[in-house]
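*Asks:* Quick one: structure below, then a few questions.
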Amino acid sequence: MADQPKPISPLKNLLAGGFGGVCLVFVGHPLDTVKIQASSGEIKYTGTLDCAKKLYQEFGIRGIYKGTVLTLMRDVPASGMYFMTYEWLKNIFTPEGKRVSELSAPRILVAGGIAGIFNWAVAIPPDVLKSRFQTAPPGKYPNGFRDVLRELIRNEGVTSLYKGFNAVMIRAFPANAACFLGFEVAMKFLNWAIPNL
């Protein structure tokens, strides 16, 4: 009797995707902080490395990781949603009697595209809040994202939470490389530690 593949666990994908999001943050966040500071319009730095150096000198490691909580609020649920949706759709799109590994390229593309839509539907609002928080002068938002959210909605309306889609492209390669590595490592660990989940 041939080994039957184990069904994909949505919970494992959600947890592993969330862990991938944590990996993504710790690799991509300093790059994101430096990019936003460098593009804030005020000429304070001669370049990206100068920005990172001066942020570190002035604020220490906290300056480089300013807004990490908001980044985690964006990436953990968004990455979890992405992987859970992607795996769920791959299973739905797999014809009966076939393996997921035999899924056609167009079906994989559709599953990935829809998963990306779900990912960004979750990610964009905290990304906007994070960007506003990171570029604000020190002390402007003493209560963190709550102050940013109140000010943004009061001054620009709820739809302003969906600005900034293109800003993520600068950090896409290194952050997503870490995300996928984290996902694969977490999935292997979960399959080893909790095989029946």
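The values are calculated or read from the model by the stated rules, or taken from the named source; none is laboratory data. No experiment lies behind these values; they were computed from the predicted model shown. Glycine gets a Cβ as well: all are built from the backbone with ideal geometry, and neighbour counts include every protein chain shown. Side chains are part of the model used for accessible areas, which takes the heavy atoms of the whole protein and leaves out ligands, DNA and RNA. Shrake-Rupley method; radii C 1.70, N 1.55, O 1.52, S 1.80 Å.
*Asks:* Over region 10-163, with the other protein chains present, what is the accessible area per residue in square angstrom, probe 1.4 angstrom? Could the numbers behind the result be given before it?
*Replies:* Numbers: 8440 Å² over 154 residues.
I get 55 Å² per residue for this part.
*Asks:* Same structure again: Could you give the length gained on full extension between Ile194 and Ile153, defined as 0.36 nm per residue of separation minus the Cα-Cα distance, in nm?
*Replies:* On the way: separation 41, 0.36 × 41 = 14.76 nm, distance 4.30 nm.
The Ile194-Ile153 span can extend by a further 10.5 nm.
*Asks:* Got a sec? What order do Glu58, Glu102, Glu87 fall in by accessible area at 1.4 Å, biggest, i.e. largest, first? Mind showing how you got there, number by number?
*Replies:* On the way: Glu58 130, Glu102 105, Glu87 25 Å².
Per-residue accessible area, sorted high to low, gives Glu58, Glu102, Glu87.
*Asks:* Can I ask one more? At a Förster distance of 22 Å, what's the computed FRET efficiency of Asn143 paired with Leu31, Cβ-Cβ distance as r, to 0.05? All intermediate terms of the calculation are to be shown ahead of the outcome.
*Replies:* Details: r = 27 Å, r/R0 = 1.21.
Rounded to the nearest 0.05, the efficiency is 0.25.
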